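Structure, as structure tokens:
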Amino acid sequence: MMMETPQIEMGGFKVNSPQVPNGVLRPTVSSSWNSRGTVERALKSIRIVIFTSKLNLLMPFGPASIILHFTTRRHGLIFLFSMLGITPLAERLGYATEQLAIYTGPTVGGLLNATFGNATEMIIAVYALKNGMIRVVQQSLLGSILSNMLLVMGCAFFAGGVVHRNKDQIFSKATAVVNSGLLLMAVMGLMFPAVLHFTHSEVRQGASEVALSRFSSCIMLVAYASYLYFQLSGRSNIYSPIGSEEAPIEDIAEEDEEAEIGMWEAVTWLAVLTLWVSFLSEYLVNAIEGASDSLNLPVAFISVILLPIVGNAAEHASAIMFAMKDKLDITLGVAIGSSTQISMFVIPFCVVIGWMMGQRMDLNFQLFETATLFITVLVVAFMLQDGTANYLKGLMLILCYLIVAASFFVHVDPQSSDG
């Protein structure tokens with residue numbers, strides 16, 4: 001009696017499976033193809049994420065900063081190298097978020113952008129909070145808002161205005177008004193604890209200011225969640241969602257993005273990049289005070305002007321690119337949208353995290369910083385009120401940023417001894 005050859009089912013067809021003396025099935029051609037396909041996909045994903053961005057040439061500075069930390073005491077170099085090492089990671093983090101948003105749709109995509117859009121700033125802030133460096137947290141987040149509103153938007157308006165010098169570029173006034181309103185609400189949230197502190201009108205000295213900050217932070221988070229819901233619940237006919245534009249019908253096909261990497265690949269890259277940013281952020285934060293001494297720069301200048309460069313590299317490049325393509329609504333979403341996220345989401349979030357950590361993180365950013373933010377929001381709101389942009393407006397915003405940078409260069413932080 002002949003022994004039956006075992007059969008296996010592949011793609012709906014039964015085929016004879018090869019046998020070995022002990023009855024174990026040999027690997028089939030299809031399984032080797034599958035494993036080869038997985039390797040090829042992984043290699044393609046690495047090539048796209050790591051080797052397509054020229055900014056990734058700065059990646060070796062990350063490991064170099066760790067080596068310097070253990071071999072030298074040159075805090076200035078450690079700070080500079082870790083800052084350069086985090087910059088491309090922040091840009092790639094934004095790229096992975098965008099890729100994941102393509103699969104999840106606009107609602108979840110909007111929430112992802114709200115969470116990971118400023119992940120670098122949040123990670124640096126949490127490490128600084130853990131070390132009790134509350135002033136560094138406050139000043140770096142303030143610096144991100146100022147940088148986005150003045151430098152990023154100024155450069156974008158200037159570049160777009162030079163390319164399209166024969167016309168005024170147009171954007172949605174409604175979007176600008178809503179964002180300006182939220183920024184003014186954030187200023188209000190920061191102003192009252194500072195005024196309470198400096199007028200010495202607290203019910204309980206030192207405690208009322210922190211309690212008010214925590215209450216205001218919870219209110220600001222509720223306001224931002226309401227704004228996200230309002231923005232993502234089909235109001236696009238009146239208020240263009242941040243990061244989108246009202247494109248002509250013939251351009252819609254051109255606007256549709258195709259995913260370059262798979263959904264789970266994007267999730268994996270988000271996890272890997274977030275861990276690496278977290279790792280480098282610890283060295284960056286630990287080197288700040290030493291860098292201040294060795295580079296002879298005030299901690300306030302490092303926190304407000306230099307640190308935001310790390311988190312805003314991606315925004316800067318994409319805002320300018322979209323402005324040069326005459327897509328001002330996207331530019332506005334990148335620059336003003338990021339400022340709104342930081343002021344209404346990241347700052348209150350840090351107050352709540354500090355509360356959990358037992359740190360007295362509050363919304364009293366001191367008078368100098370609060371006044372700077374208030375004047376900046378007013379200047380930007382006036383610039384955006386007519387819904388047009390040109391190179392002159394861009395130049396004025398850049399010059400305003402230079403004044404702010406010079407102010408912090410000569411500013412002595414009254415609480416620098418506490419942080």
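The values are calculated or read from the model by the stated rules, or taken from the named source; none is laboratory data. Computed from a predicted model, the values in this text were never measured in an experiment. Backbone-built Cβ (ideal geometry, glycine too); neighbour counts: all protein chains shown. Just the protein is used for accessible areas: all its heavy atoms, side chains included, with ligands, DNA and RNA removed. Shrake-Rupley method; radii C 1.70, N 1.55, O 1.52, S 1.80 Å.
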Determine if the stretch 302-310 includes at least one residue that is surrounded by 24 or more Cβ atoms within 10 Å (Cβ to Cβ) and farther than 29 Å from Phe70 by Cβ. yes
Residue hits (the stretch 174-215; under 23 Å from the mean Cα position of the chain (by Cα) and within 18 Å of Ile134 (Cα to Cα)) are Gly189, Leu190
Residue list for the stretch 364-398, filter: within 21 Å of Met344 (Cα to Cα) and acidic (Asp, Glu): Glu369
Does the stretch 101-122 hold any residues that are modelled with pLDDT of 70 or more and outside any helix (DSSP H, G or I), and which are they? Asn118
Pairs needed: first member in the stretch 295-320, at positive phi; second member anywhere, not basic (Lys, Arg); C-beta distance under 8 Å; at least 6 residues apart or different chains. none
Hey, Phe349 open to solvent by 40 Å² or more (accessible area, probe 1.4 Å), touching a Phe, Trp or Tyr at 6+ places or on another chain (Cβ under 9 Å), within 19 Å of Pro193 (Cβ to Cβ) and in a helix (DSSP H, G or I) or not: no
Top-ranked residue in the stretch 179-228 [being open to solvent by less than 60 Å² (accessible area, probe 1.4 Å) and of a type in the set (S, T, N, Q); ranked as nearest to Leu384 (Cα to Cα)]: Ser180
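One line per residue, one yes/no per condition, for (1) touching an Asp or Glu at 6+ places or on another chain (Cβ under 9 Å); (2) assigned to a loop (DSSP other than H, G, I, E, B); (3) buried (at least 16 other Cβ atoms within 10 Å of the Cβ):
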position	(1), (2), (3)
Ala381	no, no, yes
Leu395	no, no, yes
Ala406	no, no, no
Val412	no, yes, no
